[in-house]
Every structure is written in C-alpha cells, then in structure tokens.
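Okay, structure first, notes after.
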Amino acid sequence: MSIGSVPLRYRISVDRDQCMLCGRCVDSCPYGVFRKEGEQIHVNSRVCVACHRCISMCPRDAISLVERPVDYRSHPIWTPQVREAIYNQARTGKIILSGMGNAQDYPVIFDRLVLDACQVTNPSIDPLREPMELRTYLGKKPSHLNFKTVEGDTVLQTILSPNLMLETPIMIGHMSYGAISLNAQQSLARAVTECGTFMGTGEGGLHESLYPFQDHMIVQVASGRFGVDINYLERGAAIEIKIGQGAKPGIGGHLPGEKVCADVSCTRMIPEGSDAISPAPHHDIYSIEDLKQLVRSLKEATEWKKPVFVKIAAVHNSAAIAAGIARSSADAVVIDGFRGGTGAAPRVFRDHVGIPIEAAVASVDAKLRSQGIRNEVSIIASGGIRESADVAKVIALGADAVYIGTAALVAMGCRVCGTCYKGLCPWGIATQRPDLVARLDPDYASVNVANLIHAWTLELSELMGAAGINSIESLRGNRDRLRGYLLDENIMKVLDIKTVGA
Amino acid sequence: MTELQDAIRIDTSGMHYTPLNRAIRAAVTSGVRRIHLDNIMGQRFIADGLRGNVEIVINGVPGGDLGMFMSGPTCIVYGNCEHAPGNTMDAGTIVIHGNAGDAVAHSMRGGMIFVRDDIGYRGGIHMKQYQEKRPLLIVGGSARAFLGEYMAGGLILVLGRKGRSPLLERGIGSGIHGGKIIIRGDVPDWNLGVGARVDKMTEEERGEINPLIEKFACYFGLDPQPFLTDPYSIITPSSARPFANKYTWEV
C-alpha cells in the first residue's frame, strides 16, 4: 500500500493585491516554487525549504510563509518529525541525511548560565575610556622561563613555541571550499584579515585566490588529505588535524561528485565529478601515540614554525582524550560540541551523538589543570556559539578562544533552512552553481561578517568591563563569574560553578 | 660529515630526526645532490616535506613516515621500512631494498614507491590522482589485507616474487572508487573488498605495466622476464560512487 505524500512543510502564499508581477520571486528561487503564468504568480509550496530568499527580494512584502500548515494529530512522542522520518525510511530503506546542526530540543546550558557584574565594591570598568585587553595568544605556553644576564641585560633563554596572535578571541571555524562557495570563503577571509583573527580552510584545500589571506588561515588536514601538500602546509598560519566534527562524531564525510566542479577539483586535487571521501579515521592514526606521530610529522615538515591544532568532537571521554592531545606536541585542542553545524550529516548522528560544548570545555579545562598541563595546549571551543554572551560564558568555563561557523554564515544571509546538502543555496553560500555563487558579493558579505565579529568583540569588552575585568586572561576559566540558573547539581559539578544566589 | 663534491655522508648514530632533517635541508639548500645516511636506526620523518632534486641513500632501517609530504627527492633504502613510507607524498621516488610496514603510500598523490619484498596491511590506502599526478606503488613480494582500501586513484602493482602468492588475505580494494590494482595471477572473489571488481588484464594494460616492471627489476638487479608474460588480475571500482546508495535526503 502506498504511504502517500506527507503534508506540506511550508505554505507560500502571494498577496495578489500587493504583488506587482515583477517576477523577482521566480528568479530568486532555485527550488522552483514560483512560476509566472499570464498575469499571475503561481506557487508550488511543496518544494519550498524556507530559505526566505523570495521574501527578502520581494519589493512589496507580498509573500508570506507558514510552517506546517497542516496539523498532524498532536502527540508528545510521535512528533511530525519522527513520523516523517519513518515514512521516508519506509519508502527508501536508507540513512537519512540532514543539514545544519543538532535539531533535537535539548536544553541549552548556555541559556541556564548567568554572568556577573560589579556593584559598589570592585568597581566596573568603562571600556570607552579604559583599555580592554582582548588580544589572545593560541599555542603552547612555557611552564617556566629561564633568563641569563648578558652585559647587564636580561636575556630570555627559554625557546618559545610559535603562537597565533588574535586581536579578539573569536575565530571562524573550518568550512571547506566545496561545502561552501569560493565567494563565501573569500568573504570570511577578508573579514578575519580585517579583524585581526583567523579562519579555517576546512579540508578542501586552499584556493589560489585566498593566498593573499593565508597569514590568517588555518589549514586543515583531515582523513581524506584533500589538497594537502607541502605548499599548502607552508602557506597556513597554523595547521589543524581534524579528528572529528561535532555534527557527526565518529564518522567521515563525503562530498558528492556533483559538487566537485573544476575549481573544487583543483583545490582538493582530485578529478572533477569524483566523490571526495573522507574516511572515518585517519589511516595513520589508531592510537594516541599515532596522533603524536602525525602532529610531529606536520611540525617536522614545516620546520617547527607552525602551531598544530587537533580538533575533536565533544564526546563522553573528551577530557581524557584532550589530555592525550596535550602530550602529543599539539599546540591547541579544538573541541566541537554536539550543536556544531554541517552541510550534510546523517540525521541520527547530528541529533544524537556527542555532548554539549559547555560541559566538554569545562571538563577538558579541569582535567588539564588537574594534570598540570593546561599550559601545553590552548582550548578552542566550537559548535553552537550563537552570540557574544556564549563567547563570554565558554571562556569563563575555560576556553581560550572560539570558532564560530553558522553565525558567520547567518551574517552573510544564511537563514538556517538546513538544506545545504541540496547544493542550491539561494544565498550563494552552500552551493557551487555559478549563478547562485554570484549572488554573494564578497565586497558586502565580508563587511557583514567583520561587523558581526566587531560587534561581538565590543559586547564582550562591555561584559568584561561590567564584571571589573580588563583582560580576557582574567576571564578565562573564571568560573566565579558564572552562576547556574535552574541547572541540576550534577551539571553544576561538571561545570564547577555555583547556583544563582550562592 | 665527509664532503665529496656534491655528495655528503652523515653518520646518524644516536641522532634525533629533527637535527637530521635540518642537516638534510641545509645540504639540499647548499646544492648537495646526493646524501648518504649511515647507521640509520628508526629515525622517523626522514625527508618529511622535503623538496628538490636530491638522492638520499639510507643505510639502515628508517622509522615511520619516510618521505611524508615529500615533493621531488629520491630515497633509496638499504634495509626494511617501518609504517607508511610515502605518506601523503607529492612527487619523487622511494626505493626499498627489503620489506615495509603498514599503510605504505597512504594518501600518496604522486611519485613512485618500489618495495622489493613484502608490505603490511592497508598498502596504498586512499591513494589518489589528479591530472598529471598519478602515484605508483610496486610491491615485489606480497601484500597483507585491505590493499588499496578507499583507493581513489593511482596504480598498485603486486608481483608476488619468490614464488609466494601476491595476496594472502581479504578486503582488497575495500571502498575503492578510483585507480587500479594489478595483481599477478588470479584473484578469487573472496579476496575482494566491498565495491571492488576483478577482470583479466588486457593487452593494452600489459603494455602499460611492462615498462614499470622493467624499471622495478632494474632498481633491484632482478630479471624482469618472468613477470612480463604471466597473467595478471585487474581490480577496479565497481562504481565511482560507492556510497551513493546509502543515503536519502531528509526533505
């Protein structure tokens, strides 16, 4: 028996009184929702993904969108999402692929944390007139310093490890060329260069047009080793080994052949149209000792001039794993929480595997401190950082800096429709179709992204000033400036914070 | 170090790999064309990320990741190799007068590796090719399980010298989606990994491998004749999209 079609996900309607038949909606929508026939715009709501491109382009605000216009019989367990997943799998017998980050309704720990501010004692600081130190150094810090005196001068004897210098603790995470468009990468690259911070290349190699920004780019080495050669390693400001990703811990990825166009094939160094398969593990890493070998091979290849980061997904044993990474010669550990975004991930992984970044960062920081090796690595938090308050909170929980991903895409127009995997992103971000890519103008988008980083940086310094803190280093791991609001005792123990009122 | 015009000799006894690689780089920069490394014993990462037109003669047993990210040089090893020689190698040649460990030529994207005897598990894993870059791995002896796993490009040739079967185990070409594995003799289906298929060699393919076999024989002073006329099996992907049928979109 046929299952039949599932109800409409979105209903688009056009206000005929407002519509002036300009046809911009028809041109805007790569999914084919609109068509103009005679003196009327006709709609096919079934193919709509709620990307809002038509709505943002309509000069008369004539288009409206309603989510789930058809009710299912309501039920707290058998939600429409659950039912539709079953219909899909009953029809296909396959694994469901989905886009963006975790869509499960888990409580957000960030939203149950509140920050402190000064009153009466320990006066707050006005960032307008007082210098606020947000500069952040990522990399190994020496456990002690040795000096010697040469002709009356004191000279540092300790050899320092290379560090990255960030003007703000906000970086942009790894989104590869292939997953996102070249215009999107260029916009991000120009923004981080402008802001004095860094971005990740993802595992898709480094396109020639990004070479001018290479001093602000962290090149990634993932299990597929796409685009990795000695030139690539030498160009990056730092090198990041990707072990795992918060959106799909424990599994690899594959860029479908249809997204491997001529230019993508060139930076990934694989034939046009072939699948780019990143296996789940690195085939030269089967233990923490092997990881050390890969870290050292990268350092040796670049003559120990570049910091090497290791990125892991936040999972149950993140703290112990991070302690291993801290002893591997790596300079920073990136922890990607279970809300991290992705172009495509199996829905079951995206929604059910991994742990929240808040708990992972706090436990990693605590573990490294308890073992006396916190100075060996910096901690970079990523996955679900939505606003400056999240940045302040995760730094107070022990992170040195953050990677943002989705937030930077939203700054370029992304509406979080979660349909990246279709490769038809109407905003020119998650697509390689030339006419769609051309919609994203790096001249404007780079300003938008830089504005966002700048605005968050301002807010962060205001939050710090209000708490009487004038240096980011004094906020780092400063759990006393956090309180848990309606968090249970176990979580508060993991985060090592007190409850509100205590 | 003994200076000989454009060749130098380094006694590496007790030397850590970092100063060793530093000495190699300095020599290459100063125009040295041949470097003899004596008493090598387990130093990892030799010639890691090294560029240039230089021949490195390695006397002893180098540690893992020999010639990793290497782009141009030739390494000739008189001894066995640890795991992953030619890891993510870009260009150049590695010649091994002996055996090599697991993951030989891992993610190799260009250049050539010749192993006189046997290799370990997962040889040639995820080798890939692009335009004129087509990596080549020739194994004189036999290979262990999962040869050419995830292979995306390039050529692996296993000769099965010394009367041994070239392949003793299962999982050949598991997840292969590009490139070619050529094995002397017959390959029964149970040896194949998921996504791999086996065919008889065509005359055209024989024309392609014979010069490579002669090159191999020349490196090791062997007689190529027995390998030039024997039957070979060709293992290729059964699909360029091995994972295409595993997924359905959410919407």
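Here, each number is a calculation from the coordinates, and none is a lab measurement. Predicted, not measured: the structure shown is a model, and the values here were computed from it. For neighbour counting, all protein chains shown are included, and Cβ atoms are generated from backbone atoms with ideal geometry for every residue, glycine included.
Against chain A, whose longest principal axis is taken from its Cα atoms, helix A:288-301 shows a tilt of about 80°.
What does the extension gain come out to for B:Lys200 and B:Arg22, with contour length at 0.36 nm per residue minus their alpha carbon separation? Intermediate values should be presented prior to the final figure.
Numbers: separation 178, 0.36 × 178 = 64.08 nm, distance 4.78 nm.
Here the answer is 59.3 nm.
In nanometres, what is the gap between the two model label sites at A:Glu489 and A:Glu258, each 7 Å from Cα along Cα-to-Cβ? Distance between the two pseudo-spin positions: 5.5 nm. Between A:Ala455 and A:Ser56, the FRET efficiency estimated from the beta carbon spacing at R0 = 25 angstrom works out to 0.75.
Using the structure shown, select from A:Lys311/B:Lys133; A:Lys94/A:Lys248; A:Lys242/A:Lys367; A:Lys140/A:Lys367; A:Lys141/A:Lys367; A:Lys140/A:Lys292 the pairs with a Cα to Cα distance greater than 19 angstrom. Pairs exceeding 19 Å: A:Lys311/B:Lys133; A:Lys242/A:Lys367. Under 14 Å of direct C-alpha separation, and excluding same-chain neighbours fewer than eight residues apart, A:Lys259 reaches these aspartates and glutamates: A:Glu272, A:Asp275.
Here the range A:249-399 has an Rg and Dmax of 16.9, 50 Å, counting Cα atoms alone. For A:Leu21 and A:Glu151, the difference between the fully extended length at 0.36 nm per residue and the C-alpha to C-alpha distance is 38.5 nm.
Count the DSSP beta bridges whose two residues both fall in the range A:136-499, then state the antiparallel fraction as a percent rounded to the nearest 5. Rounded to the nearest five, the antiparallel share is 25 percent.
Tell me whether the range A:301-378 comes out rounded, prolate or oblate; compute the Cα gyration tensor, take square roots of the eigenvalues as a ≥ b ≥ c, and use a/c under 1.5 as the rounded threshold. Because a/c hits 1.5 or more and a/b fails to exceed b/c, the range A:301-378 counts as oblate.
Comparing B:Leu192, B:Leu159, B:Leu222 in a Gaussian network model of chain B where C-alpha atoms under 10 Å apart are linked, the largest mean-square fluctuation is found at B:Leu222.
Among the cysteines of chain A, those whose beta-carbon sits 4.7 Å or more from every other cysteine beta-carbon are A:Cys19, A:Cys22, A:Cys29, A:Cys48, A:Cys58, A:Cys118, A:Cys195, A:Cys261, A:Cys266, A:Cys414, A:Cys420, A:Cys425. Rounded to the nearest whole Hz, the Karplus-based 3J(HN,Hα) values (6.51 cos²θ - 1.76 cosθ + 1.60, θ = phi - 60°) of the range A:158-167 follow the sequence 5, 7, 8, 7, x, 10, 8, 9, 10, 7, with x at glycine and proline. When the alpha-carbon atoms of the range B:99-244 are used, the pair Rg, Dmax equals 13.6, 46 angstrom. As a calculated quantity, the FRET efficiency between A:Glu387 and A:Glu167 at R0 = 22 Å, using C-beta atoms, amounts to about 0.70.
Size descriptors for the range A:10-71: radius of gyration and Dmax over Cα atoms are 10.7, 33 Å. Between A:Asn102 and A:Gly340, the built amide H atoms are under 5 Å apart, and every one of these is 5 or more places off in sequence or on another chain. Extending 7 Å from the Cα toward the beta-carbon at both B:Asn210 and A:Ser370 defines two label points whose distance is 6.9 nm.
Note: relative contact order over chain A, using C-alpha pairs below 8 Å and six or more positions apart, is 19 percent.
Semi-axis lengths, largest first, of the ellipsoid equivalent to the range B:144-202 are 17, 12, 11 Å, with √(5λ) applied to each eigenvalue of the Cα gyration tensor.
Scale the Cα Rg of the range A:386-502 by the rule-of-thumb value 2.2 N^0.38 Å and send over the ratio, two decimals. The partial results should precede the final answer.
On the way: Rg = 18.5 Å, N = 117, 2.2 N^0.38 = 13.4 Å.
Relative to the rule-of-thumb radius for its length, the range A:386-502 sits at 1.38.
Residues in the range A:3-12 carry Karplus couplings, in order, of 6, x, 7, 7, x, 4, 7, 9, 10, 9 Hz; the curve used is 6.51 cos²θ - 1.76 cosθ + 1.60 with θ = phi - 60°, and Gly or Pro positions show x.
Helical content of chain B, expressed as a calculated mean residue ellipticity at 222 nm, amounts to -4500 deg cm²/dmol (DSSP H runs of 4 or more residues, -39,500 (n - 2.57) each, divided by residue number, nearest 500). Taking the longest Cα principal axis of chain A as reference, the axis of helix A:442-466 is set at about 50 degrees. Neighbours of B:Gly111, meaning other residues whose beta-carbon lies under 10 angstrom from its beta-carbon, give a summed charge of +2 when Lys and Arg score +1 and Asp and Glu score -1.
Order these peptides, A:394-405, A:230-241, by their mean beta-carbon neighbour count within 10 angstrom, highest first.
A:394-405, A:230-241
Here, P(r) means the percent of Cα pairs in each 10 Å bin from 0 to the largest distance; for the protein assembly as shown it is 3, 13, 21, 23, 19, 12, 6, 2, 0, 0. Principal axis extents of the Cα atoms in the range A:136-499, from largest to smallest and rounded to whole angstrom, are 60, 53, 40. All other residues with a Cβ under 15 Å from the Cβ of A:Cys58 taken together, and with Lys, Arg as +1 and Asp, Glu as -1, what is their net charge? Summing Lys/Arg as +1 and Asp/Glu as -1 gives +2. Less than 5 angstrom separates the built amide H of A:Ala313 from those of A:Gly244, A:Gln245, A:Asp336, all sequence-distant by 5 or more or on a different chain. Of the cross-linked pairs A:Lys305/A:Lys498; A:Lys299/B:Lys246; A:Lys299/B:Lys128; A:Lys299/B:Lys162; A:Lys148/A:Lys299; A:Lys36/A:Lys422, those separated by over 30 Å at the C-alpha level are A:Lys305/A:Lys498; A:Lys299/B:Lys246; A:Lys299/B:Lys162.
The ranking of A:Asp488, A:Asp290 from fewest to most other beta carbons within 10 Å of each one's beta carbon is A:Asp488, A:Asp290. Structure remark: mean-square fluctuation, Gaussian network model of chain B, C-alpha springs under 10 Å; the largest value among B:Gly63, B:Gly92, B:Gly207 belongs to B:Gly207. Counting only aspartates and glutamates at least 8 places from A:Lys493 when in the same chain, those with an alpha carbon closer than 15 Å to its own are A:Glu358, A:Asp365, A:Asp480.
Over all distinct alpha-carbon pairs, what is the Kirkwood Rh of the range B:1-136 in angstrom?
Working: mean 1/r = 0.0696 Å⁻¹.
One over the average 1/r among Cα pairs gives 14.4 Å for the range B:1-136.
Rounded to the nearest 10 degrees, the angle from helix B:203-220 to the longest Cα principal axis of chain B is 30 degrees. Remark: the Cα gyration tensor places the range A:265-319 in the oblate category, a/c being 1.5 or greater and a/b not exceeding b/c.
Applying 0.36 nm per residue to the separation of A:Asn317 and A:Glu303 and subtracting their alpha-carbon distance, the gain on full extension is 1.8 nm.
What FRET efficiency would be calculated for the residue pair B:Asp6, A:Ser209, taking the C-beta separation as r and a Förster radius of 51 Å, to the nearest 0.05? Here the calculated transfer efficiency is 0.80.
Most mobile of B:Thr202, B:Thr12, B:Thr74 per a Gaussian network model of chain B (Cα springs, under 10 Å)? So, out of B:Thr202, B:Thr12, B:Thr74, the one fluctuating most is B:Thr202.
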